[in-house]
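Structure, as structure tokens:
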Amino acid sequence: MQALYVSTAAVALAEIGDKTQLLSLVLAAKYRRPLPICLGIAIATLLNHALAGALGAALAQWLSPDLLKWIVVASFLAMAVWTLIPDKLDEDEATSTRSRGVLLATVIAFFLAEMGDKTQIATVVLAAQYSPLWQVIAGTTLGMLLANVPVVWLGARFAQKLPMRAAHVAAALLFAALALWIALR
């Protein structure tokens, strides 16, 4: 059970303030459908972290730490730009979107956002250090849910009171600052 506990705690702490937590807030504010969003987060995280755990050792051998660093920098810069692009979906469409569409949108967005993310890297490292693998994957998925589910439920509830343009600009600045910090390390 140590693998489960360590994995849960590591990812829950690493996720606080992470780009996927910001993505949770954006999805909650946009769709206002917390249940399919939470289910989408669980599915995407489980798939992503299963791949990370299973392929982690191979990826670590293929990519140099320097190359991985620049991939993360580019990812953060891309996220900074992406958060500034206005949505094409208006309020009426967002609230009437079917649960299946919200679920699929969440699975795709979360799966892609987790690629190269610190929690995905943490999953690779944890899978290399702890066994059984299923406990690591269950723990990292649980940690992700512990950090994101409250954001989704609160974000959906208070979405109309959130200044979304200001949140997007703040998120873009945060991603750009993280990219710069990683590049200069």
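Derivation of every value follows stated rules applied to the coordinates shown; laboratory data play no part. Keep in mind that this is a model prediction, so the values were computed, not measured. Virtual Cβ from ideal backbone geometry, glycine too; neighbours counted across all protein chains shown.
Structure data summary
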{"quantity": "Length gained when the stretch Arg165-Tyr5 is fully extended (0.36 nm per residue, less Cα-Cα span)", "calculated": "53.8 nm"}
{"quantity": "Sites Val125 and Ala74, calculated FRET efficiency, Cβ-Cβ separation with R0 25 Å, nearest 0.05", "calculated": "0.75"}
{"quantity": "Potential lengthening between Leu154 and Leu39 on full extension [0.36 nm per residue; Cα-Cα distance subtracted]", "calculated": "39.8 nm"}
{"quantity": "Local electrostatic count at Glu15 - Lys and Arg +1, Asp and Glu -1, tallied over other residues with Cβ under 14 Å", "calculated": "-1"}
{"quantity": "Net lengthening on full extension, Trp181/Leu146 (0.36 nm per residue, minus Cα-Cα)", "calculated": "9.9 nm"}
